[in-house]
1. If the cut-off is 18 Å between C-alpha atoms, which lysines fall inside it for residue 76, apart from same-chain ones fewer than 8 positions away?
2. Compute the signed sum of charges (Lys and Arg +1, Asp and Glu -1) over the other residues within less than 14 Å, Cβ to Cβ, of residue 92.
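Values quoted throughout were computed directly from the atomic coordinates according to the rules given, and no laboratory measurement underlies them. Being a predicted model, the structure only gives us computed values, none of them experimental. Cβ coordinates were reconstructed from backbone atoms using ideal geometry, including for glycine residues, and neighbour counts include every protein chain displayed.
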Amino acid sequence: MMRRLVLVLCLTFGLAGCDFMTDAATRIAYDLEREAAALRRSGEATRTFTHKPKASPEGITGPYTVRLGRALSISKYHTSYHSNFVEVPKMLVVRKGDGEAFQVVLTRVGDSIQVTELR
């Protein structure tokens, strides 16, 4: 009954805000999509944002590594959805401990938005 209610609410208000239907990699990709759009609108040269992986659902517990290139991986989760919105000119890797957030640096290069650093 509760799942049905949540599903109805998500369908009513849009699926983008329903984290329960995504995994850890997809949530990062959604952040990249949102932040790249914000950078485009702002006219600024760079934008830095912080992402803290959730433990649930389909999330991360314990230390983790994020690898970002043509594919994005965090622990056992992978996606390439981010490549619709950002370019990643070289493989980027960041390692963090349990519960730690990481930062992503986006840089405008001509008409494209590139991920230039993970920290």
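1. Counting by Cα, and skipping residues close in sequence, residue 76 has these lysines nearby: 52, 54, 96.
2. +4
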